[in-house]
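The block underneath contains the structure these notes are about, expressed in structure tokens.
The values are calculated or read from the model by the stated rules, or taken from the named source; none is laboratory data. No experiment lies behind these values; they were computed from the predicted model shown. Every residue, glycine among them, receives a Cβ derived from its backbone with ideal geometry; neighbour counts consider all protein chains shown.
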């Protein structure tokens, strides 16, 4: 069995595992769900480490230095810590030293000790696993929340408020089509804001404007939902086409064989489950 055929069988198996939820919540679906979550979490942890933490944190704390280059006493002590980390991560020399290569990590020329702050905060986050030291994680969480709020405030202000106000402005010097479109955008924005104005009861003119705002909001939600459904349907069509392709002799009839296997197993599981429930009820 070639790698292509084996991959087709794996894809068909897990796709049908997910589709089996249409019958009922069953062990095949649960296994596929847990495997997907575990593999995704492991994949993104590895990607984040090698693309962010390793070059941007460790690479700045221990940059590559020539072995012949003369180091100060403090630098020698600092790189001795680097070697200790290397011994720990390689299992005392058993594994390859890919995380902490000899001489330092390439990418930067000088040591930047200020990056000890995110390093320490990262260690604090891991201390949530230690009940007695879990309170230290609050410092890291507070720093992350505060920095994120400060950095994102300007971008949110610019994209969600200023650009929206600019887009709602009407340019009466343009053609009639653009003016009508601008009027629709302005009316939708204004009436939508009136709908969320709760300081005064929605009666009279405010009630009329808020009702118009509801219509605009429902159109927007309907269009967004339709777009989302269209995207999901396209994904479903892609999976069905792949299952159809894997039904050919080229892939050793992967889809029909796995489907028959699922039908038999789910039938047995359903019978045993109903039998167990009836016995427990009796």
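Listing for the model above:
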{"quantity": "Candidates 107, 204 - the one that is surrounded by 13 or more Cβ atoms within 10 Å (Cβ to Cβ), free of Cβ contacts under 8 Å to residues at least 60 places away in the same chain and on the phi > 0 side of the Ramachandran plot", "calculated": "107"}
{"quantity": "Filter result for residue 103 (more than 18 Å from residue 56 (Cα to Cα) and either touching a helix residue (DSSP H, G or I) at 6+ places or on another chain (Cβ under 8 Å) or assigned to a loop (DSSP other than H, G, I, E, B) (or both))", "calculated": "no"}
{"quantity": "Subset of segment 19-39 [part of a helix (DSSP H, G or I) and more than 20 Å from the chain's Cα centre (by Cα)]", "calculated": "19, 20, 21, 22, 27, 28, 29, 30, 31"}
{"quantity": "Matching entry among 58, 49, 92 (being farther than 30 Å from residue 261 by Cα and exposed (fewer than 10 other Cβ atoms within 10 Å of the Cβ))", "calculated": "92"}
{"quantity": "Any hit, segment 222-242, residues being touching a residue at least 60 places away in the same chain (Cβ under 8 Å) and either surrounded by 10 or more Cβ atoms within 10 Å (Cβ to Cβ) or under 30 Å from residue 18 (Cα atoms) (or both)", "calculated": "yes"}
{"quantity": "Residues (surrounded by fewer than 12 Cβ atoms within 10 Å (Cβ to Cβ) and over 15 Å from residue 79 (Cβ atoms)) located in segment 110-120", "calculated": "114, 117"}
{"quantity": "Qualifying positions in segment 22-36 - closer than 14 Å to residue 265 by Cα and at pLDDT below 90", "calculated": "23, 24, 25, 26, 27"}
{"quantity": "Residue match in segment 270-281 (condition: farther than 30 Å from residue 26 by Cα, exposed (fewer than 10 other Cβ atoms within 10 Å of the Cβ), at pLDDT below 90 and out of contact with any strand residue (DSSP E or B) (no Cβ under 7 Å at 6 or more places or on another chain))", "calculated": "no"}
{"quantity": "Members of segment 235-255 found to be more than 21 Å from the chain's Cα centre (by Cα), farther than 11 Å from residue 12 by Cβ and in a helix (DSSP H, G or I), listed by number", "calculated": "237, 238, 240, 241, 249, 250"}
{"quantity": "Elements of type helices (runs of 4 or more DSSP H) contained in segment 119-206, each with 2 or more residues being farther than 30 Å from residue 53 by Cα, modelled with pLDDT under 85 and more than 25 Å from the chain's Cα centre (by Cα)", "calculated": "163-168, 176-195"}
